[in-house]
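The values are calculated or read from the model by the stated rules, or taken from the named source; none is laboratory data. Everything numeric here is computed off the predicted structure, so don't read it as measured data. We place every Cβ from the backbone using ideal geometry, glycine too, and count neighbours over all the protein chains shown.
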Amino acid sequence: MNNRTKLFYIFLLITLLISIVFRVPIEPFFEYDAKDIFLGLFGIILGTPSAFILTVIVISLELIMVSFFGIQGFIMNLCSTLLFVCLLSYIYSKKPCFKMVIIGGLISTIISTFIMIFYNYVILTSMEYSKIEVINLIIEFVIPFNFFKNLFNTFCICILYKPIIKLLAKYKLAHKINIFNYSYRIANMIFISIIVIMMILPIFLMIISY
């Protein structure tokens, strides 16, 4: 088993444990868990493609094991986490350093918060909420929750970044991404293209719903 595979299973186990154990309900229908912190760290270490795959696996297992919000909650949870984690890892990969962790975290926080406005609008209006109710929910709860959640996750990632890198190096698990590798560049382009589509889709769906 190579270092890349070992890291994948280590972060999968840690993230699942965090998702199960550390869950904080927040009114009216939100839950905070710290999985995005470790998924973000994983993306920084192994890149956007690996972060995308691990995120989908973790949130799918989370839906089966601990989530009580059904398919709508799964979609919003998946989209929010993918936007934050993949944008962070992609920006960081352009110039891997601590400064880019901060910049990537802040940019992904703003973009993820903005795009989730449209996902929440589309999904909530498809349920039993009126458009006015949805807009009020978005302004009062959705925007503050997503913004401060991602900001807090960014802060934690910045705190953990150097200790985690040193720990992996100590146990010879450090893995340096070769951004010039052809296979990696193709995979990176494919998965970041999916993220771009995810950013455009809810805006398009909101427009045609009018």
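None of Lys131, Lys99, Lys94, Lys162 is basic (Lys, Arg) and either within 19 Å of the chain's Cα centre (by Cα) or under 19 Å from Ile26 (Cα atoms) (or both) except Lys94. Tyr119 falls short on exactly one of the conditions (1) within 21 Å of Ser193 (Cα to Cα); (2) out of contact with any helix residue (DSSP H, G or I) (no Cβ under 8 Å at 6 or more places or on another chain), and that condition is (2). Residues in region 64-122 that are touching a strand residue (DSSP E or B) at 6+ places or on another chain (Cβ under 9 Å) and touching a residue at least 60 places away in the same chain (Cβ under 8 Å): 0 in all. For the criterion of being surrounded by 16 or more Cβ atoms within 10 Å (Cβ to Cβ) and part of a helix (DSSP H, G or I), Ile138 passes. Going by what's in this entry, would Ser60 be described as more than 14 Å from Ile14 (Cβ to Cβ), among the polar types (S, T, N, Q), surrounded by fewer than 21 Cβ atoms within 10 Å (Cβ to Cβ) and at pLDDT below 95? Yes; evaluated as a whole, the condition is true for this residue.
If you check Ile45, Ile26 for being surrounded by fewer than 16 Cβ atoms within 10 Å (Cβ to Cβ), in contact (Cβ under 8 Å) with a residue 60 or more places away in the chain and over 12 Å from the mean Cα position of the chain (by Cα), only one passes: Ile26. Within region 27-52, can you find the residues that are in contact with a Phe, Trp or Tyr (Cβ under 6 Å, 6 or more places away or on another chain) and either β-branched (Val, Ile, Thr) or not in a helix (DSSP H, G or I) (or both)? Passing the criteria: Phe30, Asp33, Ala34, Ile44, Thr48. Just one of the listed residues (Ile197, Ile192) is modelled with pLDDT of 90 or more, exposed (fewer than 11 other Cβ atoms within 10 Å of the Cβ) and part of a helix (DSSP H, G or I), namely Ile197. Please specify each residue of region 86-116 satisfying the condition of being modelled with pLDDT of 95 or more, over 15 Å from Cys158 (Cα atoms) and surrounded by fewer than 19 Cβ atoms within 10 Å (Cβ to Cβ). Residues satisfying the conditions are Ile110, Ile111, Phe114. From the set of residues in region 4-41 that are out of contact with any Gly (no Cβ under 9 Å at 6 or more places or on another chain) and small (Gly, Ala, Ser), which is modelled with the highest pLDDT? Filtering region 4-41 for residues that are out of contact with any Gly (no Cβ under 9 Å at 6 or more places or on another chain) and small (Gly, Ala, Ser), the one modelled with the highest pLDDT comes out as Ala34.
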